[in-house]
Amino acid sequence: MDAKPGAGRRGPVPPAVGLLLCVALLDALLYLGLCHVRPMRCPHGHFHRGPAGGCAPWLTCEELRAQVRPLRCAGQGAVKTVFLSEWKGHKVALSQLTSLEMKDDFLHGLQMLKSLQSKHVVTLLGYCEEDGVILTEYHPLGSLSSLEETLNLPRYQAMNTWQHRLQLAMDYVGVIHYLHHSPLGPLVMCDSSDLPKTLSQYLLTSNFSIVLNDLDALPLVDRSSGTLVKCGHRELLGDFVAPEQLWPYAGDRPFHDDLMPSYDEKTDIWKIPDVSSFLLGHVEGSDMVRFHLFDIHKACKSRTPAERPTTQDILDMYQKVLNLLRDTTTSQTREML
């Protein structure tokens with residue numbers, strides 16, 4: 001039987017639908033490629049020198065003094081002053097001990113940096129305890145504090161989608177998961193007394209992933225000896241910190257560090273919804289992500305630390321929501337064709 005004229009043929013795809021399909025394909029390619037490109041990992045005590053450089057040992061005091069040239073001050077904290085510097089034609093970050101009074105904190109951060117080298121932590125290039133300097137990789141996009149400004153730049157607007165923002169939230173929780181299951185034992189992210197302070201501890205890489213940059217305050221929880229932690233010796237305030245981090249006798253007696261109860265890594269779980277909400281922003285689709293994450297985030301805010309989910313629970317839910325909403329978006333795009 002002869003086929004009817006035009007049978008099996010479709011008309012031209014409407015321009016709007018074609019544009020939507022292109023955007024969906026571009027987003028998928030970015031998700032599968034750009035956001036997941038990671039440099040190779042080198043043996044402990046080494047760093048990766050680039051696409052063709054292989055692995056090299058951490059730079060020594062002599063090499064740092066002779067080969068690293070500071071360019072300008074890039075920032076200063078209580079423990080370190082950071083200089084944008086140059087090493088063999090590469091931009092690097094040189095951290096200099098601010099004062100001898102902070103040397104213990106500086107050396108603790110250095111020890112953590114050496115022990116925790118992984119995809120979740122900024123890459124160590126070299127150090128010199130004698131001179132009080134640490135050399136790490138340089139990330140021009142800066143800290144998470146400037147995320148919105150970065151995503152508003154024309155070259156990065158394609159990354160300003162709920163998919164990529166949710167992936168950033170997963171990266172953040174992945175860092176906390178690594179700290180809670182570190183080679184040293186469970187570590188608590190203490191430099192997180194408010195949202196701006198927390199965001200400043202993390203860097204945004206050129207591949208749009210997150211790495212921990214400041215490791216000066218990572219006390220260890222040792223359950224075998226019953227050792228818990230306290231983040232500093234001053235009273236913490238506000239609703240960003242976990243309830244167990246607040247002075248329990250407010251109104252009855254003044255704060256006294258010796259009477260302040262200690263706590264564990266569940267304080268980090270309490271803060272995850274606030275950080276994730278910032279990372280999700282207010283782009284199209286982000287409110288739908290928040291809706292699907294409502295229950296897990298509500299559990300994170302339990303006033304009973306033991307009832308809060310683990311980082312693995314949160315990562316599993318984030319991945320589930322990402323898959324669900326991505327599949328829904330793909331299905332809707334196909335139905336429009």
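The values are calculated or read from the model by the stated rules, or taken from the named source; none is laboratory data. The structure displayed is predicted, hence computed values, not measured ones. FYI the Cβ positions are ideal-geometry reconstructions off the backbone, even for glycines, and counts take in every protein chain you see. In case anyone asks, the SASA skips ligands and DNA or RNA and just uses the protein heavy atoms, side chains included. Shrake-Rupley method; radii C 1.70, N 1.55, O 1.52, S 1.80 Å.
Applying a threshold of 6 Å to beta carbon distances and a minimum spacing of six or more residues, or different chains, the list of pairs starting in the range 163-192 at a residue that is closer than 28 Å to residue 327 by Cβ and ending at one that is open to solvent by less than 10 Å² (accessible area, probe 1.4 Å) and of a type in the set (Phe, Trp, Tyr) reads 170/318.
Has the range 43-64 got at least one residue that is modelled with pLDDT of 55 or more, within 27 Å of residue 169 (Cα to Cα), open to solvent by less than 60 Å² (accessible area, probe 1.4 Å) and hydrophobic (A, V, I, L, M, F, W, C)? Yes, there is a match, as at least one residue in the range 43-64 is modelled with pLDDT of 55 or more, within 27 Å of residue 169 (Cα to Cα), open to solvent by less than 60 Å² (accessible area, probe 1.4 Å) and hydrophobic (A, V, I, L, M, F, W, C). In a residue-by-residue description of the range 73-83, the property of being in contact with a Pro (Cβ under 9 Å, 6 or more places away or on another chain) and in a strand (DSSP E or B) applies to at least one position. Do we have any residue at all in the range 210-223 that's surrounded by fewer than 15 Cβ atoms within 10 Å (Cβ to Cβ), out of contact with any strand residue (DSSP E or B) (no Cβ under 7 Å at 6 or more places or on another chain), of a type in the set (D, E, K, R) and modelled with pLDDT of 95 or more? No, that holds for no residue.
For residues that are of a type in the set (Val, Ile, Thr) and touching a helix residue (DSSP H, G or I) at 6+ places or on another chain (Cβ under 8 Å), scanning just the range 280-310, find the one that is least open to solvent (accessible area, probe 1.4 Å).
Within the range 280-310, the subset of a type in the set (Val, Ile, Thr) is 283, 289, 296, 304, 310.
Add one more test, that the residue is touching a helix residue (DSSP H, G or I) at 6+ places or on another chain (Cβ under 8 Å), and what stays is 283, 289, 296, 310.
Numbers: 283: 28, 289: 0, 296: 25, 310: 62 Å².
Here the residue is 289.
Among the residues of the range 224-265, those identified as open to solvent by 40 Å² or more (accessible area, probe 1.4 Å), closer than 21 Å to residue 78 by Cβ and over 24 Å from the mean Cα position of the chain (by Cα) are 233, 234, 235, 255. Taking first residues from the range 84-112 that are crowded, with 17+ Cβ neighbours inside 10 Å and partners that are aromatic (Phe, Trp, Tyr), the Cβ contacts under 6 Å between residues at least 6 apart in sequence or on separate chains come to 92/138; 93/138; 94/83; 97/106; 110/127. Looking only at the range 264-303, which residues are assigned to a helix (DSSP H, G or I) and β-branched (Val, Ile, Thr)? Answer for the range 264-303, where residues must be assigned to a helix (DSSP H, G or I) and β-branched (Val, Ile, Thr): 267, 269, 272, 275, 289, 296.
The single condition from (1) modelled with pLDDT of 95 or more; (2) closer than 16 Å to residue 215 by Cα; (3) hydroxyl-bearing (Ser, Thr, Tyr) that residue 145 fails is (2).
Restricting attention to the range 270-279, the residues being under 19 Å from residue 164 (Cβ atoms) and open to solvent by 30 Å² or more (accessible area, probe 1.4 Å) number 2.
Hey, among 150, 136, which residue is farther than 21 Å from residue 48 by Cβ, modelled with pLDDT of 95 or more and either of a type in the set (A, V, I, L, M) or in contact with a strand residue (DSSP E or B) (Cβ under 7 Å, 6 or more places away or on another chain) (or both)? Walk me through it before giving the result.
On the way: 136 fails: farther than 21 Å from residue 48 by Cβ.
One residue alone meets the criteria, 150.
Here are some residues: 33, 109, 75. Which one is in contact with a strand residue (DSSP E or B) (Cβ under 9 Å, 6 or more places away or on another chain) and at pLDDT below 90? Please lay out each step first, then the result.
Details: 33 fails: in contact with a strand residue (DSSP E or B) (Cβ under 9 Å, 6 or more places away or on another chain); 109 fails: at pLDDT below 90.
Testing whether each residue is in contact with a strand residue (DSSP E or B) (Cβ under 9 Å, 6 or more places away or on another chain) and at pLDDT below 90 leaves just 75.
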